[in-house]
Amino acid sequence: MSETVAAAPPVKRQRLGRRLGAEPYYRIAEHTPQRLTLDSRPELNWPVARNFLFLSVLFGLPALVALCGGIILVGQVGLPAMLLVILGLLLGSLALITNTMGRALRRIRNQIVVDGEARKLVYRQYLAGRPAKTQTLPFEQILGLQIVEREAKLFPAFLGRTRQLQIIELCLAGNAGWLVDSAATAEALRPTAEALRGALGLQADT
């Protein structure tokens with residue numbers, strides 16, 4: 001008689017918590033035998049947020065000039081006025097987008113909670129005025145934890161800046177991995193890595 005073996009649940013793709021930089025993004029906020037809480041450091045988002053807000057001003061001022069010029073000229077020269085209005089709307093849209101991104105980065109906060117009683121690791125992302133986003137990883141899918149050196153895209157990733165970083169990575173079933181934190185040196189990540197190993201019940205050499 002053959003024995004039926006239950007298939008392991010598929011590993012979800014990581015959606016939250018992937019903020020990579022040269023300084024550790026998380027600090028230990030709570031550490032008890034049954035619970036570990038890592039809170040993000042919002043101040044590390046502020047320089048990037050300021051850049052986006054500065055860009056919004058750079059786009060917004062010429063957008064205002066172009067729109068005003070188009071409105072003034074609309075009764076005299078049709079095509080140039082229309083082109084100025086279109087340019088103003090395009091620049092205004094860019095100003096709105098960069099301003100929204102900058103304001104969001106200033107207010108965003110991330111958290112990682114390791115719940116020993118529920119045997120799950122939870123990523124949470126908070127943004128003012130919106131429900132928290134969550135993603136859960138059961139202990140059963142976590143096989144190990146390692147600090148590895150990799151070339152990675154710095155936050156924000158869409159700018160394309162890359163650097164060699166040390167990264168805390170959770171090794172999961174199915175040859176998958178989830179990123180926890182990063183820094184320029186492994187020593188900067190060691191306290192977080194050791195706290196995670198203990199909270200997850202992993203051996204020191206995993």
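Just so you know, all these numbers are worked out from the coordinates, no wet-lab data involved. Please read all numbers here as calculations on a predicted model, not as lab measurements. Neighbour counts run over all protein chains shown; Cβ positions are idealised from the backbone, glycine included.
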Placing each pseudo-label 7 Å from Cα in the direction of the beta carbon, PHE139 and ILE71 end up separated by a distance in nanometres of 6.3
In whole Å, largest first, the alpha carbons of the chain cover along the principal axes 87, 47, 32
For segment 115-161, the Cα-Cα pair-distance distribution in 5 Å bins from 0, as whole percents, is 5, 14, 13, 15, 21, 20, 10, 2
Here the FRET efficiency for VAL57 versus GLN203, based on Cβ atoms and R0 = 41 Å and rounded to 0.05, is 0.20
Cα gyration tensor of segment 47-106 diagonalised, 5x eigenvalues square-rooted, in angstrom largest first, produces semi-axes 29, 8, 6
Over the chain, the sum of -39500 (n - 2.57) across DSSP H runs of at least four, divided by residue number and rounded to 500 deg cm²/dmol, gives at 222 nm -12500 deg cm²/dmol
With Cα springs under 10 Å, the Gaussian network model of the chain assigns the largest mean-square fluctuation among ARG124, ARG41, ARG163 to ARG163
Total charge of the residues flanking ASN99 in space, meaning their Cβ is under 14 Å from its Cβ, with Lys and Arg +1 and Asp and Glu -1, is +4
Of LEU143, LEU38, LEU83, the most mobile residue in a GNM of the chain (C-alpha springs, cutoff 10 Å) is LEU83
Cα gyration tensor of segment 54-156 diagonalised, 5x eigenvalues square-rooted, in angstrom largest first, produces semi-axes 49, 15, 10
Listed with the fewest Cβ neighbours within 10 Å leading, ARG107, ARG161, ARG18 appear as ARG161, ARG107, ARG18
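Within the chain, what's the longest stretch lacking GluC sites (Glu not before Pro) that sit in DSSP loops with no more than 16 other Cβ atoms inside 10 Å?
That gives 4-116 as the longest site-free run.
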Once the in-chain neighbours fewer than 8 apart are removed, the aspartates and glutamates whose Cα is under 19 Å from LYS153 read GLU23, GLU169, ASP181
Quick note on LEU79, LEU94, ordering by fewest other C-beta atoms within 10 Å, gives LEU79, LEU94
